[in-house]
Amino acid sequence: MNQTITVFRGDGIGPEITDVVLDILQTAKAPLEFEIFDVGAAVYEKTGAFIPEEGLKSFEKNRILLKSPITTPIGTGFKSLNVTLRQKYDLWANIRPAKTNPALPCRFEHVDVVTVRENTEDLYIGEEIEVDADTVHAIKRITRKASERILRKAFEFARENGRKKVTCVHKANILKKSDGMFLGLFNDIAKDYPEIEADSMIVDATCMNLVMHPERFDVMVMPNLYGDIVSDLTSGLIGGLGLLPSCNRGEDFAMYEAVHGSAPDIAGKNIANPTALLLSACMMLDDLGCKACAQTIRNALDQVFAQGEVLTPDLGGNATTTEFVAAIKENLNR
Ligand code: NAD
């Protein structure tokens with residue numbers, strides 16, 4: 001029986017990449033039905049809500065969401081919809097795998113790292129207090145409960161996926177109590193996974209080492225803010241934001257999305273790379289038990305990369321999104 005999933009088309013490049021990804025999923029005969037909703041700024045202007053109530057109800061019913069990027073205005077009172085969704089549905093584990101594809105141009109050959117990012121707290125609780133006209137405090141919240149579950153998740157992920165090492169990324173030298181607790185819990189939990197190497201690194205040193213020696217990293221686990229920044233860095237290591245998928249999982253709900261944003265600079269130009277959203281959809285298919293279908297799609301994509309003739313501009317080519325997708329579909333239909 002087909003699984004019904006909820007789809008949010010997002011804004012900026014969101015609608016363009018969503019439509020082509022759904023097209024590819026249908027071509028690959030993925031056993032899915034879609035409930036599709038427009039979300040974001042354009043919807044707000046029409047309806048007064050950024051996400052329609054029916055969209056949230058659909059997600060609450062289906063429990064699986066394929067979500068395109070949504071624009072977050074900077075400096076206004078408007079809270080990020082992405083952060084809101086992650087917190088409202090307690091999507092506490094954000095998993096972002098970055099692996100080099102040998103066919104694609106990038107600076108490094110053997111990157112294969114996974115960022116496991118805590119997704120519900122840290123500075124993202126959005127509590128900022130104006131102490132006086134010249135001073136603002138932003139609250140960084142780290143709790144034992146959220147830390148323990150994400151740390152354990154990183155080790156479980158490593159165990160399930162035959163990974164050898166988990167690195168805890170932190171700033172406990174400065175944030176002795178908050179990151180200090182996170183690191184202390186990491187060291188305790190690591191003892192339950194003796195077969196997996198556990199080490200830790202300060203976040204600034206991590207950034208330098210990722211760029212110098214990415215092959216030294218395997219699974220990395222970290223609080224929310226570092227995860228946001230470090231995972232973008234890992235996308236740079238493998239060829240750019242257009243390639244990095246993610247899933248956001250909790251106990252009851254799961255949301256799959258590209259790591260990148262709504263890319264307003266290229267929206268409507270038919271040059272956006274849909275790979276990150278497509279690979280997120282493949283992560284979703286894996287989790288739904290449709291591993292063969294996910295692999296068929298990945299193979300079709302890899303063939304396009306290997307041929308190297310039909311690539312979007314972010315990958316050094318001059319193909320449109322439409323041409324890139326047509327090449328993937330041609331491989332699927334073969
Ligand atoms: P961005 O990720 O949208 O874009 C950064 C750069 O990468 C841009 O030059 C863009 O053209 C390029 N890029 C991104 N995705 C691409 C793709 N698929 N194909 C080709 N090029 C791509 O980051 P930004 O410009 O800082 O953010 C734009 C908006 O997106 C902001 O409002 C931000 O808050 C929001 N955002 C949303 C999400 C999300 O929905 N999960 C994540 C990050 C940012």
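The values are calculated or read from the model by the stated rules, or taken from the named source; none is laboratory data. Since we're looking at a predicted model, the values are computed, not measured. As a convention, Cβ positions derive from the backbone with ideal geometry for all residues, glycine included, and neighbour counts pool all protein chains shown. Areas reflect the complete protein model, heavy atoms only, side chains present, ligands, DNA and RNA absent. Shrake-Rupley method; radii C 1.70, N 1.55, O 1.52, S 1.80 Å.
Please sort by residue number the GluC sites (Glu not before Pro) in segment 240-334 whose DSSP state is loop and whose Cβ has at most 15 other Cβ atoms within 10 Å. Intermediate values should be presented prior to the final figure.
Details: sites: Glu251, Glu257, Glu309, Glu323, Glu330; in loops: Glu251, Glu309.
Those satisfying the criteria are Glu251, Glu309.
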Excluding residues fewer than 8 positions from Lys57 in its own chain, the lysines with Cα under 20 Å of it are Lys46, Lys67, Lys88
On the full set of protein chains, 1.4 Å probe, figure out the accessible area of Thr135 and give it in Å² to the nearest 10.
50
How large is the accessible surface per residue of segment 213-320, computed with a 1.4 Å probe and reported in Å² as a whole number?
35
So in the chain, which Cys have no other cysteine's beta-carbon sitting under 4.7 angstrom from theirs?
Cys106, Cys168, Cys207, Cys247, Cys282
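For a test of the definition: using alpha carbon positions, the gyration tensor, and the 1.5 limit on a/c, classify segment 239-334 as rounded, prolate or oblate. Write out the running numbers ahead of the final one.
Working: a/c = 2.46, a/b = 1.27, b/c = 1.94.
Oblate shape, in that a/c is at least 1.5 and b/c is the bigger or equal ratio.
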Estimated distance in nm for a label pair at Gln307 and Val211, the labels positioned 7 Å out from Cα along Cα-to-Cβ
3.6
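Could you pull out the GluC sites (Glu not before Pro) across segment 110-190 that fall in loop regions by DSSP (anything but H, G, I, E, B) with no more than 14 other Cβ atoms inside 10 Å?
Values: sites: Glu118, Glu121, Glu127, Glu128, Glu130, Glu148, Glu156, Glu160; in loops: Glu121, Glu127.
Hits after loop and neighbour filter: Glu127.
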Return the whole-Å distance between the Cα centroid of segment 120-175 and the Cα centroid of segment 261-334.
32
Per residue of segment 56-67, what does 6.51 cos²θ - 1.76 cosθ + 1.60 with θ = phi - 60° give for ³J(HN,Hα)? Whole Hz please, x for Gly and Pro, Karplus curve as stated.
5, 5, 4, 5, 5, 7, 7, 6, 10, 10, 9, 10
What do you reckon, how do Ile64, Ile150, Ile202 stack up by accessible area (1.4 Å probe), largest on top?
Ile202, Ile64, Ile150
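Computed FRET efficiency, Cβ-Cβ of Glu54 and Ile139, R0 30 Å: what is it to the nearest 0.05? Let's see the in-between values first.
Working: r = 34 Å, r/R0 = 1.13.
Result of the calculation: an efficiency of 0.35.
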Using a probe of 1.4 angstrom, how much of the accessible area of the chain is carbon and sulfur, in percent?
53
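Going by a ≥ b ≥ c, the root eigenvalues of the Cα gyration tensor, does segment 87-166 fall in the rounded group (a/c under 1.5), the prolate group (a/b larger than b/c) or the oblate group? Before the final figure, lay out each step's value.
Details: a/c = 3.33, a/b = 1.71, b/c = 1.94.
Note, shape of segment 87-166 comes out oblate.
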Roughly how much of Ser58 is accessible, in Å² to the nearest 10, using a 1.4 Å probe?
10
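Give me the percent of Cα-Cα pairs in the chain that sit more than 28 Å apart, rounded to a whole number. Could you put the intermediate results ahead of the total?
Values: 23491 of 55611 pairs.
Tail of P(r) above 28 Å: 42 percent of Cα pairs.
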Using a 1.4 Å probe, how large is the accessible area of Ile238, given in Å² and rounded to the nearest 10?
10
GluC sites (Glu not before Pro) in segment 185-246 lying in a DSSP loop, each with at most 12 other Cβ atoms within 10 Å of its Cβ, come to Glu195
Qualifying lysines (Cα of each under 21 Å from Cα of Lys171; at least 8 residues distant if same chain):
Lys140, Lys145, Lys153
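Just want to confirm a number: the relative contact order over the chain, from Cα pairs under 8 angstrom separated by 6+ residues, in percent.
Numbers: 660 pairs, mean separation 73.4, N = 334.
Averaging sequence separation for qualifying contacts and normalising by length gives 22 percent for the chain.
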Give me the accessible area per residue for segment 5-67, probe 1.4 Å, as a whole number in Å².
43
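At a 1.4 Å probe radius, which order do Met212, Met220, Met201 fall into by accessible area, largest first?
Numbers: Met212 115, Met220 0, Met201 45 Å².
Output order, biggest surface exposure first: Met212, Met201, Met220.
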Among Leu233, Ala300, Pro274, which residue has its Cα furthest toward the positive end of the charge dipole of segment 227-309, with +1 on Lys/Arg Cβ and -1 on Asp/Glu Cβ?
Ala300
